[in-house]
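A short write-up of the structure that comes next.
None of the figures in this text is laboratory data; all of them are computed from the coordinates on show. This one's a predicted model, so the numbers in the text were calculated from it and none came from an experiment. As a convention, Cβ positions derive from the backbone with ideal geometry for all residues, glycine included, and neighbour counts pool all protein chains shown.
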There are 2 protein chains.
Amino acid sequence: MNQQHGALLALAHVVEPGDHHMGRLVDQFGAQAVVERIRAGAVPDRRIEGMQARLARFERTEALDALEPAQARLIFRDDVEWPSQLDDLGPARPYVLWIIGSASLRLAALRSVAVVGARASTHYGDRVAREWCGQLSDQGWCVVSGGAYGIDAAAHLGVLSAGGVTACILASGVDVAYPRAHASLFARIADTGLLVSESPIGTQARRQRFLTRNRIIAALTRGTVVIEAALRSGTTSTANAAHALNRPVLAVPGSVESPLSAGCHQLIREQQAVIATDWRDIPELLGGEDVISVEGTGPVSRPTDGLTSTQRLVLDAVPLRAWATLEELIYASGLSARELLASLGVLCAEGFVTQEGNSWRAARV
Amino acid sequence: MNQQHGALLALAHVVEPGDHHMGRLVDQFGAQAVVERIRAGAVPDRRIEGMQARLARFERTEALDALEPAQARLIFRDDVEWPSQLDDLGPARPYVLWIIGSASLRLAALRSVAVVGARASTHYGDRVAREWCGQLSDQGWCVVSGGAYGIDAAAHLGVLSAGGVTACILASGVDVAYPRAHASLFARIADTGLLVSESPIGTQARRQRFLTRNRIIAALTRGTVVIEAALRSGTTSTANAAHALNRPVLAVPGSVESPLSAGCHQLIREQQAVIATDWRDIPELLGGEDVISVEGTGPVSRPTDGLTSTQRLVLDAVPLRAWATLEELIYASGLSARELLASLGVLCAEGFVTQEGNSWRAARV
């Protein structure tokens, strides 16, 4: 682990997730310098004492040793698996992500949708979440949600029944089942999909972390679907985050007699969300969007300005450190074989991509 | 009955309702001249033979004699009870209206809302229609709908339970119960509210008449609420008519699993309707609208340009041939006593209105 990664790992243990102020300092001075400043008490922040206490307790080897028993891994901002969509969060983006599951978060996020809603959902909401997520999964979409009761669970179950990839973004550490009754659901998700958290192994869920976690769900995905939500509920925080990031929000209507549809209706009335009455509305609205950017802070930065949006989409789907088959690229990009091959031809010709037989990988430049 | 009224009555028997072409001829040459032209076969219209045949059968005394047994009355375009909103239909406005019921259509229409929806409604739709219409009625709104099964009937029943005024616009003659099972519902409506038709006594309902009837429902009211509607249904014709007349349309959402909410959702998605989730949304959206115009073709035409919209609303509520008490004006205008008295003071001072004790009437000018 290099110095930079070590410092980011420390910050993930020490700084509250989503803290813009600290994030800006890191962007300005670098992670290592900010860690040193915290240690020296040289950060103008009223929470400095708490950060110092946490930094004093932080042991890098302990943090790394905790990974294996949890079957977890880390990804850093400059890793090829880092989903560049998260960089839209600016200084509030995570320092590091803990992940359980073998799928690539970056590839999964390319064609992903957030499906969120009430914990105390109705049968109607659960049914819509399960059915729509199953259909979306069949169409190659990765569903992203939290780990709560209600709509979150129904969304994951819909994908799991369809045999697809679902990503569960947790407010606790990836090894902590919250709610406890979802331990077996999380185990099933880890088998074929992804458990993701910006909080260290062993972190217990805290109220505030659910709200800050929602920004990751919103940023990671092309758009957010709200299935059921009461007025002034936590669910609308994910919708607001998506809205702030210019990601489309869709809301599912329901009975005017159901308080759990009132939040959806309000989003529609206030034109913060488009009405969604069929799962097909989702790819129709999100499919044409190109929210993926190749420009990043890591090694995939390239002069890609001359590329079409399709070519950039393909380039984003091609892994840097491994070979990907055409089938894998179809899954990752959501494009047809024909479109892919046309774009890959250009990308190879221009030196962005290397081909070997039926496999491609991004060229280091 | 004067010559003008006689000619309009003949046209109502002879010309298909809503016929723009014939309506324009009447506006241009006058009703009497057009009747003479029809008689002479001097109208360039492929339906001229049918019109001539109907005109030959038309007997004015027979038409007038039919009124009393049906307990019906006629109102003409220049009657004080004629709702000037209908003039927004231009040449497609009715020539005459048959009415059963003692309420004033003009006063009822001042603060009225159309509530329409599917015949094959669900319990959900019926419940919403009944409850909302009862509440609207309690707030002094007149509900306007058709006479069909489903939402129409539920809307009227909601008003009747609340003891309010409901207006049923029929595609048949006002004495013809269609559907027959609604005979007792129509009798109840006639007791306290209004049965209205532009078709003569005894006219049977025909498919085309339902669609032309819908324009009256839309024009008469400040706005239209669609409770349940299938995709591509007749209900959307009323919504379209309201939209074309710049009357706001509201649609009630429901389960995405219900085909009877699909039409409402489509209206919302296409921004042809505002989402309505509570009866209070209706006065909130329609209350501020001033769709009432004093400028008309009849004796209430006056130089009212200098009046505020509130003063014009009050003037519209003051009857021309009878004295109205403050309570009646509150009901008719929907304004508070304080607002009314302020406007009445100005209207009296400017000679538009005459006061005697606690009663007001419009001055002939």
One residue of chain B has its C-beta nearest the axis rotating B onto A; that residue and its distance in whole Å are B:Pro253, 2
Please identify, among B:Ala332, B:Ala103, B:Ala229, the residue showing maximal mean-square fluctuation in a Gaussian network model of chain B using a 10 angstrom Cα cutoff.
-> B:Ala103
Comparing B:Ala42, B:Ala129, B:Ala171, which has the greatest mean-square fluctuation in the GNM of chain B with Cα pairs linked when under 10 Å apart?
-> B:Ala42
Determine the distance separating the Cα centre of the stretch A:52-120 from the Cα centre of the stretch B:224-269; give it in Å without decimals.
-> 45 Å
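Quantify how strongly other chains surround peptide A:259-271 by giving the mean number of their Cβ atoms within 10 Å of each of its Cβ atoms. The partial results should precede the final answer.
Values: counts 0, 0, 4, 2, 0, 3, 8, 2, 1, 7, 7, 1, 1.
Averaged over the peptide's residues, the number is 3.
For the stretch A:28-76, state the semi-axes of the equivalent ellipsoid (square roots of 5 times the eigenvalues of the alpha-carbon gyration tensor), sorted largest first and rounded to whole angstrom.
Numbers: eigenvalues 131, 35, 14 Å².
Rounded to whole Å, the semi-axes are 26, 13, 8.
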Global geometry of the stretch A:96-212, whether rounded, prolate or oblate, following the gyration tensor of its Cα atoms and the 1.5 cut on a/c = oblate
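Which value results when the Cα radius of gyration for the protein assembly as shown is divided by 2.2 N^0.38 Å?
Compared with the compact-globule rule of thumb, the protein assembly as shown sits at 1.27.
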Under a 10 Å cutoff between Cα atoms, tell me which one of B:Ser84, B:Ser255, B:Ser199 has the largest fluctuation in the Gaussian network model of chain B.
-> B:Ser255
³J(HN,Hα), Karplus 6.51/-1.76/1.60, whole Hz, each residue of the stretch B:113-123, x for Gly, Pro = 9, 7, 10, 9, x, 5, 5, 8, 6, 9, 4
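Under a Cβ-Cβ cut-off of 12 Å, what is the net charge of the residues other than A:Thr238 that fall near it, where Lys and Arg count +1 and Asp and Glu count -1?
On the way: positive: A:Arg213, A:Arg215, A:Arg247; negative: A:Asp152.
Computed value for this residue: +2.
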How many Cβ atoms of partner chains, on average, are near each residue of A:249-256 if near means within 10 Å of its Cβ?
-> 6
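To make sure I understand, if each residue's beta carbon is the centre and we count other beta carbons within 10 Å, what order do B:Met1, B:Met22 fall in, fewest to most?
Working: B:Met1 13, B:Met22 22.
Ascending number of Cβ neighbours within 10 Å: B:Met1, B:Met22.
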Placing a label point 7 Å from Cα toward Cβ, how far apart in nm is B:Thr310 from its equivalents in the other copies, listed shortest first to one decimal?
-> 6.2
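From the helices alone, meaning DSSP H stretches of at least four residues, give me the mean residue ellipticity at 222 nm for chain A, per-run term -39500 (n - 2.57), in deg cm²/dmol to the nearest 500. Don't skip to the end; give the middle numbers.
Working: 17 runs with 166 residues, N = 365.
It lands at -13000 deg cm²/dmol.
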Given a cut-off of under 8 Å on Cα pairs at least six residues apart, what relative contact order in percent is computed for chain A?
-> 15 percent
Answer rounded, prolate or oblate for the stretch B:309-362, using the Cα gyration tensor with square roots of eigenvalues a ≥ b ≥ c: rounded when a/c is under 1.5, else prolate when a/b is larger than b/c, else oblate.
-> rounded
Note, ³J(HN,Hα) from phi for the stretch B:181-188, Karplus 6.51, -1.76, 1.60, rounded to Hz, x at Gly and Pro = 5, 9, 3, 6, 4, 5, 5, 5
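Ratio of the stretch B:1-62's C-alpha Rg to 2.2 N^0.38 Å, to two decimals?
Values: Rg = 10.6 Å, N = 62, 2.2 N^0.38 = 10.6 Å.
Normalised Cα radius of gyration, the stretch B:1-62: 1.00.
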What ranking do B:Tyr95, A:Tyr124 get, fewest neighbouring Cβ atoms within 10 angstrom at the top?
-> A:Tyr124, B:Tyr95
Extent of chain B along each principal axis, from alpha carbon coordinates, in Å, largest to smallest?
-> 57, 53, 38
The alpha-carbon center of the stretch B:338-365 and that of the stretch B:135-151 are separated, in whole Å, by 31 Å
Fewest first, what order do B:Arg188, B:Arg93 take by the number of other Cβ atoms within 10 Å?
-> B:Arg188, B:Arg93
Sequence-separation-based contact order of the stretch A:1-59, relative, with Cα cut under 8 Å and 6+ spacing, percent = 41 percent
